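The structure appears right after this line, and notes come after that.
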Amino acid sequence: MTISLPGLDAVLVTDEATLTACARDYGRVVHRMPSAVLRPAAVRDVVEALRSCGDQALPVAARGQGHSTAGQAQVESGLVIDMSTLDDIGPIQDGRMRVQAGATWRQVLSRTVPLGWSPPVVTGYTGLSVGGTLSMGGIGAASFRRGPQVDNVLALQVVTGEGQLMTCSSSEHPELFSAVLGGVGQYGVIVEATLALTPVAPRARYHLLGYDDADAFFADLRTLTTRDRVDGLYGQVLPSAQGGWSYLLHVVEFYSSTSSDSALLAGLRSAPGARTVMDLDTLAFSTVVDEQLEALGLTHLPRVWRDVFLPGSRIEAFVADALAELAAEELGPAGFVLLFPIRNAARPCALRLPEEEQVVLFDICTSGSPEDPDYVPTQLHEARSMYERARALGGTLYPIGSTPLTTEDWRTHYGSGYQALRTAKEHYDPAIVLTPGAEIF
């Protein structure tokens, strides 16, 4: 199919290398070949492109950094909009900042942290785009206190499936605002976000607390969520040298001049010999995960990512069962197991969380060989099985992952909120051209 979008300042790219790159994502599992890739020079290019695609019933997907794992930002024989060219970052005014959707969180932090400000929640890997994570939910080390990133957005500029540029917030077009945040790109393309900011100190004290005992690990995880001095917190599970699993808590406190470990770590059950502490400047701390992932250099490997939100009251038993079934070898050279505690406030957005005040995101990311034909089907089966077990306990799916869902699964996932989202889809994307890869509608 040939795509023509005359009269735009954008660059329309159709060379094989670019199309091939946009036919894959971080998972290297799903491959959908677009007909063209648009690199917009301005928001009006997105407006005109979506207007034209809507008129032609041509499928279109916005792509930030392509960090999903199941083709969410891919489109077969349609148009991919490369949002990375829309990356302007405005000045800080009254504790807020306007940011174009293609900017990465790393770019945002490099602008805000030297001035003593930060978004309340930042993803662990900061090379992700602002629009991309807000379309999914956005979870980070500060989510235990501040919730997902979508809870900290003040307003959006969105281009609907009909090519209409709209500003929305909790008070202006609130039904669009609530549908787009965490809405997997179904109702409009985010082109700009107004972000709330919070003051941040210039230094970070970063603690790594090791455990051989799961009970102690979970007890300390719960304790640390209640300590005011903790600014960031998440857990990691690692293969143990003695077999089985070991556990690690990542804990950070931001400070200006002096900081004492005694109150922060008092009463915790990790052994003093299993504790490591690093003092970093805040911006350097924010990119620790970036450096670790980029140093691996294993982006060519296929990955299957199992991501579920679980009620906090069910997390210990669920993780124990999952780890009992997981072989360390399944993680491969680039896999990991993570847990993020999340404060669950009532929110008018499409991100669906379990109905408890404290929930946990449980991630198992495996990696395999491109030459292994059994890796992907085997791991997708395991991802689906884990999701079904989570759902039976009141858990929900985090849609960045690889778990395949049917339209009926999505209806169950959204529960009583499904009809409102269906209505939003019919109103803002009546031709059903936006982000078909998720197969929600």
Give the Cα extents of segment 296-441 along the principal axes, in whole Å, largest first. 46, 37, 26
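To the nearest 20 debye, what is the magnitude of the charge dipole of the chain about its Cα centre, counting +1 on the Cβ of each Lys and Arg and -1 on the Cβ of each Asp and Glu?
780
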Distribution of pairwise C-alpha distances over segment 131-247, 10 Å bins, in %: 12, 32, 23, 20, 11, 2
Considering every Cα-Cα pair within segment 337-411, what fraction, in whole percent, is farther apart than 16 Å? 57
For segment 373-385, 3J(HN,Hα) per residue [Karplus equation, 6.51 cos²θ - 1.76 cosθ + 1.60, θ = phi - 60°, Hz, x = Gly/Pro]: x, 8, 4, 5, x, 5, 6, 5, 4, 5, 5, 5, 4
Quick one: which residues, 5 or more positions from residue 124 or on another chain, have an amide H under 5 Å from its amide H? H modelled 1.01 Å from N in the peptide plane, none for Pro or chain starts. 141
Residue with peak Gaussian network fluctuation, the chain [Cα springs, cutoff 10 Å], from 90, 124, 368: 90
What list of whole percents do you get for P(r) of segment 184-283, with Cα-Cα distances grouped in 10 Å bins up to the one holding the largest distance? 13, 39, 24, 16, 8, 0
Calculate the length of the line joining the C-alpha centroid of segment 5-49 to that of segment 117-153, in whole Å. 25
Compute the normalised compactness of segment 305-366: alpha-carbon radius of gyration over 2.2 N^0.38 Å, N being the residue count. 1.24
Around residue 234, which amide H atoms from residues at least 5 apart in sequence, or from another chain, sit under 5 Å from its own amide H, with H modelled in the peptide plane? 250
Which value, to two decimals, describes the C-alpha radius of gyration of segment 172-233 once divided by 2.2 N^0.38 Å? 1.78
Once each part is reduced to its C-alpha centroid, what is the distance from segment 243-317 to segment 407-431 in angstrom? 36
proj_area_mean for segment 207-359 (convex hull on C-alpha atoms), units nm², value 11.1
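Placing +1 at every Lys and Arg Cβ and -1 at every Asp and Glu Cβ, with all other atoms neutral, what dipole size does segment 397-440 have around its Cα centre, in debye to the nearest 20?
Result for segment 397-440 is approximately 80 debye, rounded to the nearest 20.
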For residue 103, other-chain or 5+-apart residues with amide H closer than 5 Å (H placed, Pro excluded) are 130, 131
Please state, as a whole number in µm²/s, the translational diffusion coefficient that the Stokes-Einstein equation yields for segment 11-84 at 20 °C and 1.002 mPa s, with Rh defined as the Kirkwood radius across alpha carbon pairs. 177
Ordering 300-310, 60-70 by per-residue average of other C-beta atoms within 10 angstrom, highest first, gives 60-70, 300-310
Sorted on mean Cβ neighbours within 10 Å (highest first), peptides 175-185, 131-141 come out as 131-141, 175-185
Cα convex hull of segment 87-199: mean projected area in nm², to one decimal? 6.5
Using a 10 Å cut-off on Cβ atoms, rank the peptides 202-209, 44-51 from the highest mean neighbour count down. 44-51, 202-209
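Bear in mind that the values in this text are calculations on the coordinates, not laboratory data. Only a predicted model underlies this, so the values are computations on that prediction, with no experimental measurement involved. FYI the Cβ positions are ideal-geometry reconstructions off the backbone, even for glycines, and counts take in every protein chain you see.
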